[in-house]
């Protein structure tokens, strides 16, 4: 099972809802990055992750491209989904090409998310990878309180 270590780089992807790219979530971006930094992780946002609801909804190929590029980038050790949503299934035709399946198999990484991301867990499992059904960037790391919820923090520390 793949685990993250201090100093690792994690990529944030928006595979379903594009809410993370909206202005009303901008204050949560810093909070989420700061909390992941507290775990000793370096955070990068994939190129399309912050393009907003309309772009993310209308461009499943770009969402899939972000995921494949995160797997292909050897400097990235983990992938965390921004949030769930309702149409991640639209990525399947792009992710499940022979070429992209090979990329994912050859570059296994820590992958975590929940809700609509379940379909991605299934695809990764079919490719022989382990993944974590759990915390998302927006709802767990970027939670609006003064600190991360104890349950979420402990869960992440134990992964």
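Read the figures in this text as sums done on the coordinates, not as results from a lab. These numbers come from a predicted model, not from an experiment. We place every Cβ from the backbone using ideal geometry, glycine too, and count neighbours over all the protein chains shown.
So the values come out like this:
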item: Rough spin-label spacing in nm, given labels placed 7 Å along Cα→Cβ, for residue 9 and residue 149; result: 3.1
item: Distance (nanometres) between label positions extended 7 Å along Cα→Cβ at residue 1 and residue 105; result: 2.4
item: Region 10-157: radius of gyration over Cα atoms, expressed as a fraction of 2.2 N^0.38 Å; result: 0.97
item: Length-normalised contact order for the chain - Cα pairs under 8 Å, 6+ apart - percent; result: 28
item: FRET E, pair residue 89, residue 130, Förster distance 35 Å, beta-carbon r, rounded to 0.05; result: 0.95
item: Rg followed by Dmax, in Å, when region 77-126 is reduced to its Cα trace; result: 10.7, 29
